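Q: What follows is a structure written as C-alpha cells; I'll ask about it next.
The values are calculated or read from the model by the stated rules, or taken from the named source; none is laboratory data. Small disclaimer: the values here were computed from a predicted structure and weren't measured. Every residue, glycine as well, gets a Cβ built from its backbone with ideal geometry; the counts of neighbours run over all protein chains shown. Ligands, DNA and RNA are excluded from the accessible area calculation, which covers all protein heavy atoms including side chains. Shrake-Rupley method; radii C 1.70, N 1.55, O 1.52, S 1.80 Å.
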Amino acid sequence: MSIVKDTALAESGRRKIHWVRDFMPALGGIEARFEKEKPFAGLRVAVSVHLEAKTANLGYVLSKGGAEVRLTGSNPLSTQDDVAAGLASMGVETFGIHGADPETYKAHLLETLSFKPHLIVDDGGDLVHLLGSERPDLAEHLMGGCEETTTGILRLKAREREGILPCPMMAVNDAKAKHYYDNKYGTGQSVWDAIMHTTNLVVAGKTVVVAGYGWCGKGVAMRASGMGANVIVTEVDSFKALDATMNGFRVMPMDEAAKYGDIFVTVTGCKDVITPKHFQVMKNNAFLTNAGHFDCEVDVAALASMAVKREVRRDDIEGFTLPDGKVLNVIGEGRLVNLAAGNGHPAEIMDMSFAVQALALEWLVKHQGSLEKKVYQVPDEIDDEIGRVKLAAMGLGIDTLTPEQVEYLNGWKA
C-alpha cells in the first residue's frame, strides 16, 4: 500500500510523468525492450531517488521490465506530492510526502526496503546505510545496486575499504553519460533555473562564488558566466583550481571570496564549506545556496544561532538578520537547491542518467553470483550504447573508425 499525501493529486502527477516520457527517448527504447524480455521478472527493486517526474518514469520502466518496484524519495523537500500520487496510481508502490520530518522520511525508506529487495537504486547512500548498518536483515536477497551521486560513491568506497559494503554496487555517477552530461549540463541549468525562479532577480553583473570545480561546479560556473555574472571559484584541488583559472574564472580561498559574493553555490560534496567566519564578512542580502547532495555544506544551523531574527521572505527563501542588521538569504533550507526550490534536471538530461541506471541493473542481474562486494564501474559498452541512442534520437550522426584506423590507433608498427 503506497503512502502519499493525497491520492486526489494523481491526475496532475500522471500529466507530469507523461510529459517527461515524451522527452526521454533513450529510456523509452530501453522500456520497449524490457517489456518484451522482462529481465527483472520475479525480482524486487527498491528505488530511493528524488521523487519527481523523471524518477517516476524510471520506476515505471523497471516495472515494465518485470520488477516489483517500490520507490521513495532521497530528500523530503524534493518530493512532489502529485507525482508520488500519480506514480502510485500507475501501479508502482510509492512512499513519499513533501516536507516529511526526519522520522517520517526514514519510515518511508524502511517501508521501501521492507519487501527485502534483490536490487536497489540509491541516491546519496540512504538505502545502503540502512541495509549495511541498521537493518541487515532486509538485505538477505540483495544481489546489487546502483548509486547516483558523487557523495554516495565516496561513502560506498569508504565502506568497501572497511569491508562493510552490503552488496556489489555500480558507480553510476562515474559513467560518462552521468558526469559529462548530467553533472555538467543538468546541474548547470537546473541550479540557475531554481535560483532565478525563486529570487526573480537578475544574474548578470552579480558576483557568483562557486565552491567546488568538479563536473557539477564546472556547469554552474559556465552557466553563471554565460548569463553575465562575475565568477569566483574556490577549491581544495590545485589542478581543478588551475582549470578554473584557464577557463577565465578568478580563484581564491572562501575566506576571501566571502567578502565579494552576491550569490554563493556550494558544489563540493563536503561539509562546513561556508561557516560563521564567512557569514560575518558577507554583503547584506547575499544569497546562500547548496547544490551538493547533503545539507551540510552551508552551516545553516550556525547561521540561525547567530541571527537575531529569521523570517520567510519569499517561497523557499528564508532571511537571517545578524546583529549588525545585515540580512543573509538561504534558498531551499540549504538543501539541494535545484530540487528543493526547483524541478531538478531537464528530462533530456535525466534520460541518459536513468538509462544508465536501468542498464546497470540489468548488468548486475546477468552477472549475479560472480561479483564481489565492491564498487564497480559502469562498462563502456553500456555508456557507448546510450551515447549512440541519444545521438540518434537527436537526429545526429558521427564517424566510424575504419579497420585500418583501429589498427593504427591500437598498434605500434605504423
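Q: Return a whole-number percent for the relative contact order of region 1-96, with Cα pairs under 8 Å and 6 or more residues apart as the contact set. Let's see the in-between values first.
A: Numbers: 192 pairs, mean separation 40.5, N = 96.
Taking the mean separation of contacting Cα pairs over the length of region 1-96, I get 42 percent.
Q: Follow-up question, since we're still on this one. Could I have the simple spin-label model distance between Val308 and Asn285, label points 7 Å from Cα toward Cβ, reported in nm to one decimal?
A: 2.0 nm
Q: How many percent of Cα pairs in region 158-301 exceed 18 Å?
A: The answer is 57 percent, as a whole percent.
Q: Follow-up. Restricting to region 169-267, what percent of DSSP beta bridges are antiparallel, rounded to 5?
A: On the way: 0 of 11 bridges.
Percent antiparallel among DSSP bridges in region 169-267 is about 0.
Q: Nearest 5 percent is fine: what portion of the DSSP beta bridges confined to the chain is antiparallel? The partial results should precede the final answer.
A: Details: 10 of 52 bridges.
So the antiparallel bridges in the chain amount to around 20 percent.
Q: Per DSSP H run of at least 4 residues, take -39500 (n - 2.57); add these up for the chain, divide by its residues and hand me the 222 nm value, nearest 500 deg cm²/dmol.
A: On the way: 17 runs with 170 residues, N = 414.
Rounded to the nearest 500, it is -12000 deg cm²/dmol.
Q: Per residue, how many Å² of accessible area does the chain show with a 1.4 Å probe? Walk me through the intermediate numbers first.
A: On the way: 18110 Å² over 414 residues.
Accessible area per residue, the chain: 44 Å².
Q: Please list Phe294, Phe40, Phe249 in order of solvent-accessible area, largest first, computed with a 1.4 Å probe with all protein chains present. Walk me through the numbers on the way to the answer.
A: Values: Phe294 65, Phe40 0, Phe249 25 Å².
Result, largest first: Phe294, Phe249, Phe40.
Q: Check each of the GluC sites (Glu not before Pro) in region 350-400 and keep only those in coil by DSSP with at most 13 other C-beta atoms within 10 angstrom; list them in order.
A: Qualifying residues, ordered by number: Glu372.
Q: Pairs of alpha-carbon atoms within less than 8 angstrom and 6+ residues apart define the contacts here; what relative contact order does region 29-157 have, in percent?
A: Details: 248 pairs, mean separation 30.3, N = 129.
With pairs under 8 Å counted, the relative contact order is 23 percent.
Q: Below 30 Å, Cα to Cα, which lysines can Lys206 reach? Residues fewer than 8 away in the same chain don't count.
A: Answer for Lys206, where 30 Å is the Cα cut-off: Lys178, Lys184, Lys218, Lys240, Lys259, Lys271, Lys277, Lys283, Lys309, Lys326, listed by chain and number.
Q: In µm²/s, what is D for region 151-232 at 4 °C and 1.567 mPa s, where D = kT/(6 pi eta Rh) by Stokes-Einstein and Rh is the Kirkwood radius from Cα pairs?
A: Working: Rh = 14.4 Å.
Estimated diffusion coefficient is 90 µm²/s.
Q: Tell me, what % of the accessible area of the chain is carbon and sulfur with a 1.4 angstrom probe? Intermediate results must be reported in sequence, preceding the final value.
A: Details: 9410 of 18110 Å².
After summing per-atom areas, the C and S share lands at 52 percent.
Q: Further question on the same structure: Could you pull out every one of the lysines with an alpha carbon less than 16 Å from that of Lys16, ignoring same-chain neighbours closer than 8 positions?
A: Lys54
Q: How many angstrom lie between the Cα centre of region 103-163 and the Cα centre of region 231-298?
A: The two parts, judged by their Cα centres, are 30 Å apart.
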